[in-house]
Amino acid sequence: MTATPIIIDCDPGIDDAIAILTAFVSPELEILGIAPVCGNQPLERTVRNALQICELGERSDIPVFAGCFRPLFRDPIYGQFHGESGLGNTVLADPIKTVEETSAVDFLIKSCEAAATSGRKITLCTLGPLTNVAVALRMKPAIAEGIERIVMMGGAFREAGNRTMTSEFNILADPHAAHIVFSTDIPIVAVSLDATHQVILTPEHTEKFSGSAGRIAKPLGEMMAFWDRNDVRRYGSRGGPLHDPLVIAYVLAPHLFETQKARVFVEHESELCMGQTIADWYGKSGKEPNVEIVTEVDAKGVYDLFLDRLSRYALEEVR
Amino acid sequence: MSPHRIIIDTDPGVDDAIAILLALASPEVELLGISVVAGNVPLEATLANACKIISLSGCVDVPVYAGAHGPLVREQVYGKYAHIGAFSDALVPPANVRPQEEHAVDFIVRVTRQAAADNDPITICAIGPLTNLALALVQHPDVARGIRQIVSMGGAFTALGHRTPWAEYNIYADPHAAQIVYSSGVPVVVMPLDMTFQALITEKNIAVIGENAGAAGAAIAGLLRTFDRSDMQRFGRPGGPVHDATTIAWLLEPEIFEGRAASVGVQVSGKTAGYTYADFYGKTGLPMNATVMNDIDEARFLEMLEERLSIYGARALKEVSG
C-alpha cells in the first residue's frame, strides 16, 4: 500500500501537537511538510512549537514552513486553552531544527502544482485558521487540481460555538479565509465541534495514553492534563475535546466516522455571528453540497486508535 | 537625488498604459517590475496588455509578473471599459516580452522583504484592484516594512463614484483587499476621483502626444480615440480623466497636487460595498493613515504628459539616425 501524501497546516497548540505526534507514527501517511499559521498563538510561537514537536517525535526529517503571520482581514485572536507557550506548561528543549526558507504558501502552491502534474493528489489536513490555504488558492486557483481533499478541524453546525456563541475558533480567527476555502469545489471533510465534542479526553484516557507513550510519556501527559477544561456542564465529564487529532484519525480510519453531505456557508459580515458555519442540510440554497460534515464518531474506536498509535513511542523503532 | 524605486501594480487598461509609459519616460523613476492583477479586464487580458505596453516602451528588461485572477472575497466585477479586453494589434503592436515565471505576489514579497533588510523601502503605485498587495501584506511583516508608501489610485470622497454611485472601480472590485492595504500601517497617498476628475485630457493633447511620442504616442492616441473617456454630462466640458497616470505624476511633481491627511477606510459589505470614507477632522480617533489628494494643476499635468511622453518620439528618431 502506498502512503497517503498529506500536508499538515496547523497552529500548535496542544491538540495540534497530539495530532502531529499521532501522524508521525502512522506509516499510512507521508507527511510532505508542516505549515504553521497564526492561530492559537502568534506565528513565531506556532513555528517554534512545530519545530519542537518534530524533535520530540524524532521526525526532524519533516520540513516546517512558516505561514501567514496574520489573518487575511480581521485582527488576530489567539487561543485560550493552550497556555502561554501554546503547549501548556510543557517545557521542551529549544529547537535545533530550523524553519525552511520557503514560505508555507509557496510550499502549498508548489506541492499542489506538482501533485496536479503527477496525479498523486495531496490531502490537506488543516488544524488551524485557513489563511495559508486561502492565500495559496487566491494566488493560484489551479492548485485545487492537486488537492485530493481538505480534512479540516473547524466549524460548529448543530453544536454552539466554542469561542463565541455561534462560532468555532479556527473559522472565527479567519472567516474570510474560511469563506474562500468553502467557496471552492475542492472536496472537504469538516471535523467540527459536532464531532469533536463526542470524543472527550478524560483524565482516565490521559493517564492511559501517556502511560503507554514511552519516551514522549511525560510531555504528552502534561499537555493532555493541561487540556482538561474542567467543564462538566458542557462536556459531560472532566477533560477536553480531542479536536485536531480527529482529523488525523479520520484520514487513518474513516470507517469510525459518519458524515452527511451539505453545502457550507461562512458568515463573514455580521459581527454578532462572525465565523458561524451554516450547513444547507436540506438543499435550500440551490447549491451543490461540497462538504462531508462528520455527524457521528465511534469514540471507542477512536480512543483505541490513539492508544495503538501513541504506544508506538514505547517501541524501539518509531516507524 | 536617487530615483524612486517603484513597482506598478496594475490591471491595464488604457489609463494604466499611460501611467506605465509615463514612468518609463522618467529618469526620476526606476521601475522594478510590473505586477498584474485582474480588474478592468480578466487577468489573461491585463497580462497581455502589460506585456504589450512594456514592448511598446522599448524597456524590455522591465519584468512583468502575473498576479491574482480575481478578488479576495466578493464576486468578480470588471471595469466600465471591459469590452476592450486585450488591446488589438491594430491599436498596440504585438508584444515581444513574456511574463516571468514568478508569481506577482511572490515578486512583491521578495522585493519588499529585501528592501526592508536593506532599510531602503520602495514605493508601490497601485492602479488596479489591491488584491496582489493584500495577498503580499499578510504573508510577512517585512512586506509592510519594505514599502515606503503606496500611491493608490482609488476611492471617491466628495465626488460620487463612477462604477456605482458610491464607489470607485478599483476599490469596488476588491473592497477587502483595499481595506487590508489601507490599514496595513504603510502610508497611503490616495488619488481619488475627486482629484482625477479635475484633469481631463482633450483631443488637443491627444493630437500632440500622437504626433510627438512615436509608436507609444500613436498607441495612446489610438486607445484614447477608440475608447472615448469624455462625459459631457458629468464633466460639463470635453475631455476625459487619466486616473492612473496621476500616481506617477505625483512622484514626479508633487507640488502640482494638493492633499490633506485623513483616516481612510473602506465599506466592505452590504449595499454600499466599496464606499470609501475619509475622516479629515479626527472624529473617529483612528490613525491618519492616508493623504487624500483633492486638487491637481490640470494644465501642468497635461503639459507633463505631452512633454514626458515625447521622449518615445525622440528615442525612435535616435534609433533611426543610429
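The values are calculated or read from the model by the stated rules, or taken from the named source; none is laboratory data. As the structure is a computational prediction, the values presented were derived from the model and not from experiment. Note that each Cβ is placed from the backbone with ideal geometry, even for glycine, and that neighbours are counted across all protein chains shown.
Scan the stretch A:209-236 residue by residue and report those that are more than 18 Å from residue A:17 (Cβ to Cβ) and crowded, with 16+ Cβ neighbours inside 10 Å.
A:235 - this is the single residue of the stretch A:209-236 that is more than 18 Å from residue A:17 (Cβ to Cβ) and crowded, with 16+ Cβ neighbours inside 10 Å.
Of B:185, B:128, which residue is touching a Ser or Thr at 6+ places or on another chain (Cβ under 6 Å), at pLDDT 95 or above and assigned to a loop (DSSP other than H, G, I, E, B)?
Details: B:185 fails: touching a Ser or Thr at 6+ places or on another chain (Cβ under 6 Å).
Just one listed residue meets the conditions, B:128.
For residue A:198, only one of the following conditions fails: (1) farther than 26 Å from residue A:85 by Cβ; (2) crowded, with 24+ Cβ neighbours inside 10 Å. What is its number?
(2)
What is the one condition in (1) surrounded by fewer than 22 Cβ atoms within 10 Å (Cβ to Cβ); (2) more than 30 Å from residue A:291 (Cα to Cα) that residue A:206 does not satisfy?
(1)
Return the total of residues in the stretch B:146-179 being within 12 Å of another protein chain (Cβ to nearest Cβ) and either within 18 Å of the chain's Cα centre (by Cα) or over 19 Å from residue B:278 (Cβ atoms) (or both).
Residues of the stretch B:146-179 within 12 Å of another protein chain (Cβ to nearest Cβ): B:174-179.
Pick out the ones that are also either within 18 Å of the chain's Cα centre (by Cα) or over 19 Å from residue B:278 (Cβ atoms) (or both) and you get B:174-175, B:177-179.
Residues that pass the stated criteria total 5.
Can you tell me which of (1) more than 24 Å from residue A:146 (Cα to Cα); (2) crowded, with 22+ Cβ neighbours inside 10 Å; (3) in contact with a Lys or Arg (Cβ under 7 Å, 6 or more places away or on another chain) is the one residue A:193 doesn't meet?
Among (1) more than 24 Å from residue A:146 (Cα to Cα); (2) crowded, with 22+ Cβ neighbours inside 10 Å; (3) in contact with a Lys or Arg (Cβ under 7 Å, 6 or more places away or on another chain), residue A:193 violates only (3).
Looking at B:56, B:135, which is the one that is in contact (Cβ under 8 Å) with a residue 12 or more places away in the chain, within 14 Å of chain A (Cβ to nearest Cβ), hydrophobic (A, V, I, L, M, F, W, C) and surrounded by 24 or more Cβ atoms within 10 Å (Cβ to Cβ)? Show your work before the answer.
Values: B:56 fails: within 14 Å of chain A (Cβ to nearest Cβ).
Result of the check over B:56, B:135: B:135.
Residue B:43 fails exactly one of the following numbered conditions: (1) within 14 Å of another protein chain (Cβ to nearest Cβ); (2) farther than 21 Å from residue B:227 by Cβ. What is the number of that condition?
(2)
Of the conditions (1) surrounded by fewer than 16 Cβ atoms within 10 Å (Cβ to Cβ); (2) in contact with a Ser or Thr (Cβ under 7 Å, 6 or more places away or on another chain); (3) not in a loop (DSSP other than H, G, I, E, B), residue A:269 fails just one. Which one is it?
Of everything listed in (1) surrounded by fewer than 16 Cβ atoms within 10 Å (Cβ to Cβ); (2) in contact with a Ser or Thr (Cβ under 7 Å, 6 or more places away or on another chain); (3) not in a loop (DSSP other than H, G, I, E, B), residue A:269 misses just condition (3).
If you go through the stretch B:1-50 one residue at a time, how many are out of contact with any Cys (no Cβ under 8 Å at 6 or more places or on another chain), charged (D, E, K, R) and not in a helix (DSSP H, G or I)?
Total satisfying the criteria: 4.
With (1) within 18 Å of the chain's Cα centre (by Cα); (2) under 20 Å from residue B:39 (Cα atoms) as the list, and residue B:268 as the residue in question, which single condition is left unmet?
Every listed condition holds for residue B:268 apart from (1).
Could you list, in sequence order, all residues of the stretch A:98-111 that are in contact with a strand residue (DSSP E or B) (Cβ under 7 Å, 6 or more places away or on another chain) and either among the small types (Gly, Ala, Ser) or in a helix (DSSP H, G or I) (or both)? Full working, then the answer.
So the first thing to find is which residues in the stretch A:98-111 are in contact with a strand residue (DSSP E or B) (Cβ under 7 Å, 6 or more places away or on another chain), and the list is A:99-100, A:104, A:107-108, A:111.
Listed by number, the residues that qualify are A:104, A:107, A:108, A:111.
Which pairs turn up if I take residues in the stretch A:116-140 that are within 15 Å of residue A:66 (Cβ to Cβ) and look for partners that are polar (S, T, N, Q) with beta carbon separation below 6 Å, at least 6 apart in sequence or on another chain?
Close Cβ pairs satisfying both conditions: A:128/A:170; A:129/A:170.
Go through the stretch A:1-21 residue by residue and tally those that are closer than 21 Å to residue A:77 by Cβ and assigned to a strand (DSSP E or B).
2
Only one residue in B:102, B:75 is in contact with a helix residue (DSSP H, G or I) (Cβ under 8 Å, 6 or more places away or on another chain), within 14 Å of chain A (Cβ to nearest Cβ) and assigned to a loop (DSSP other than H, G, I, E, B), so which one is that?
The match here is B:102.
In the stretch A:164-195, what residues are of a type outside the set (S, T, N, Q), more than 14 Å from every other protein chain (Cβ to nearest Cβ) and either under 14 Å from residue A:241 (Cα atoms) or out of contact with any Gly (no Cβ under 9 Å at 6 or more places or on another chain) (or both)? Give the steps one after another, and end with the answer.
Within the stretch A:164-195, the subset of a type outside the set (S, T, N, Q) is A:165, A:168-169, A:171-182, A:185-191, A:193-195.
Filter again for more than 14 Å from every other protein chain (Cβ to nearest Cβ), leaving A:165, A:168-169, A:171-172, A:185-191, A:193-195.
Result: A:165, A:168, A:169, A:185, A:186, A:187, A:188, A:189, A:191, A:193, A:194, A:195.
Of all residues in the stretch A:67-99, how many are within 14 Å of chain B (Cβ to nearest Cβ) and over 17 Å from residue A:173 (Cβ atoms)? Before you say what the answer is, go through the steps one by one.
Of the residues in the stretch A:67-99, the ones within 14 Å of chain B (Cβ to nearest Cβ) are A:67-76, A:99.
From what's left, over 17 Å from residue A:173 (Cβ atoms): A:99.
Within the stretch A:67-99, residues that are within 14 Å of chain B (Cβ to nearest Cβ) and over 17 Å from residue A:173 (Cβ atoms) number 1.
From the list A:144, A:114, exactly one residue is assigned to a helix (DSSP H, G or I) and closer than 15 Å to residue A:186 by Cα. Which is it? Walk me through how you get there before you give the answer.
Working: A:114 fails: closer than 15 Å to residue A:186 by Cα.
Matching residue, one of A:144, A:114: A:144.
What are the residues in the stretch B:161-210 that are acidic (Asp, Glu) and without any contact (Cβ under 8 Å) to a residue 60 or more places away in the chain, if any?
As a first pass, look at the stretch B:161-210 and keep what is acidic (Asp, Glu): B:168, B:174, B:194, B:203.
Once the filter is applied, which keeps residues that are acidic (Asp, Glu) and without any contact (Cβ under 8 Å) to a residue 60 or more places away in the chain, the stretch B:161-210 yields only B:203.
Quick one: in the stretch A:45-66, which of the residues that are over 16 Å from residue A:91 (Cα atoms) and in contact (Cβ under 8 Å) with a residue 12 or more places away in the chain is nearest to the other protein chains (Cβ to nearest Cβ)?
Just the residues of the stretch A:45-66 that are over 16 Å from residue A:91 (Cα atoms), to begin with: A:58-66.
Now drop any that are not in contact (Cβ under 8 Å) with a residue 12 or more places away in the chain, which leaves A:58-60, A:62-66.
Numbers: A:58: 30, A:59: 26, A:60: 24, A:62: 22, A:63: 18, A:64: 16, A:65: 12, A:66: 8 Å.
By that ranking, first place goes to A:66.
Can you name every one of the helices (runs of 4 or more DSSP H) wholly within the stretch A:163-256 that holds 1 or more residues which are without any contact (Cβ under 8 Å) to a residue 24 or more places away in the chain and out of contact with any Leu (no Cβ under 6 Å at 6 or more places or on another chain)? Even if it seems obvious, please write down each step before you answer.
Details: elements: A:169-173, A:175-182, A:193-196, A:203-211, A:217-226, A:232-235, A:245-252.
Filter on the stretch A:163-256 gives A:203-211, A:217-226, A:232-235.
In the stretch A:100-119, what count of residues is obtained for those that are closer than 15 Å to residue A:147 by Cα and more than 13 Å from chain B (Cβ to nearest Cβ)?
Total meeting the criteria: 8.
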